[in-house]
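All remarks here apply to the structure that follows.
The values are calculated or read from the model by the stated rules, or taken from the named source; none is laboratory data. From a predicted model like this one, the values you see are computed outputs, not experimental measurements. Counting neighbours? That spans all protein chains shown, and the Cβs are built from the backbone with ideal geometry, glycine included.
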Amino acid sequence: MSEATVMSDRRLDDDEMQTWLPTIRFVQLLPQVLDRTLKAETGLKHSHYAILVTLAGQGDRAIPMTELAQIAGLSRSRLSHAIDSLEHLGWVTRTSCSTDKRTLTATLTDAGRELLRAAAPLHVAQIRELMLDPLTTDEREQLGKILTKLLPGVAAAL
């Protein structure tokens with residue numbers, strides 16, 4: 001292998017950097033902005049909001065913690081700490097599965113649903129402001145396709 005090949009494998013070229021740098025900056029900043037706004041307005045962390053939304057999407061079905069961790073993109077340990085906090089605040093209940101007592105499940109409480117109802121308009125408005133409104137319909141469609149294409153590789157690497 002030539003020295004030029006080794007070097008090119010070790011650093012991004014200028015075109016790659018033009019794609020990578022704004023991507024990583026955006027990926028780092030967006031959660032911070034969403035978190036700060038939600039905390040200031042509702043007292044809720046963005047990562048906790050994502051868990052509550054995931055649970056709300058399940059209706060009244062209790063979801064196994066391992067499944068919730070996969071959907072929310074969190075390690076089981078990180079999810080467990082978050083569920084501890086959410087349960088302490090009365091927004092989630094955790095119980096043993098009726099068919100397998102070793103499996104823990106989580107369910108959104110009525111108080112958790114109320115919190116989501118209050119937080120959702122703020123969150124939706126901010127998502128529109130930061131991500132959707134600056135883009136044309138075609139750009140949003142293109143971004144959705146690109147992220148859908150990239151997501152499986154990132155998810156598989158967890």
**OP:** List every residue pair whose Cβ atoms sit under 7 Å apart, with the two residues 6 or more apart in sequence or on different chains, where the first one lies in segment 41-68 and is closer than 16 Å to Pro31 by Cα and among the aromatic types (Phe, Trp, Tyr) and the second, anywhere, is in a helix (DSSP H, G or I) and modelled with pLDDT of 85 or more.
**Re:** Tyr49/Leu38; Tyr49/Ala119; Tyr49/His123
Original post:
In segment 143-158, what residues are part of a helix (DSSP H, G or I) and in contact (Cβ under 8 Å) with a residue 60 or more places away in the chain?
Top reply: Ala155
**OP:** Return yes when Ala72 is surrounded by 15 or more Cβ atoms within 10 Å (Cβ to Cβ), within 18 Å of His48 (Cβ to Cβ) and among the aliphatic types (A, V, I, L, M) and no when it is not.
**Re:** yes
Original post:
Restricting attention to segment 86-108, does a residue exist that is farther than 25 Å from Arg25 by Cα, within 18 Å of the chain's Cα centre (by Cα) and assigned to a helix (DSSP H, G or I)?
Top reply: yes
Original post:
In the list Ala62, Ala50, which residue meets the criterion of being within 18 Å of the chain's Cα centre (by Cα) and within 26 Å of Ala156 (Cα to Cα)?
Top reply: Ala50
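Scan segment 29-55 residue by residue and report those that are surrounded by fewer than 15 Cβ atoms within 10 Å (Cβ to Cβ) and of a type in the set (A, V, I, L, M, F, W, C).
Residues satisfying the conditions are Leu29, Val33, Ala40.
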Original post:
Out of (1) at pLDDT below 95; (2) under 17 Å from the mean Cα position of the chain (by Cα); (3) closer than 21 Å to Glu41 by Cα, what's the single condition that is false for Leu130?
Top reply: (1)
Original post:
Mind checking which residues of segment 11-41 are of a type outside the set (A, V, I, L, M) and either touching an Asp or Glu at 6+ places or on another chain (Cβ under 8 Å) or over 22 Å from Leu150 (Cβ atoms) (or both)?
Top reply: Asp35, Arg36, Thr37, Lys39, Glu41
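State whether one or more residues within segment 28-37 are more than 22 Å from Val154 (Cβ to Cβ) and under 16 Å from the mean Cα position of the chain (by Cα). Walk me through it before giving the result.
Restricting attention to segment 28-37, the residues satisfying the condition of being more than 22 Å from Val154 (Cβ to Cβ) are 36-37.
From what's left, under 16 Å from the mean Cα position of the chain (by Cα): 36-37.
Within segment 28-37 (the criterion being more than 22 Å from Val154 (Cβ to Cβ) and under 16 Å from the mean Cα position of the chain (by Cα)), the answer is yes, since at least one residue qualifies.
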**OP:** Quick one: which residue in Arg128, Arg140, Arg117 is loosely packed, with under 11 Cβ neighbours inside 10 Å, of a type outside the set (A, V, I, L, M) and assigned to a helix (DSSP H, G or I)?
**Re:** Arg117
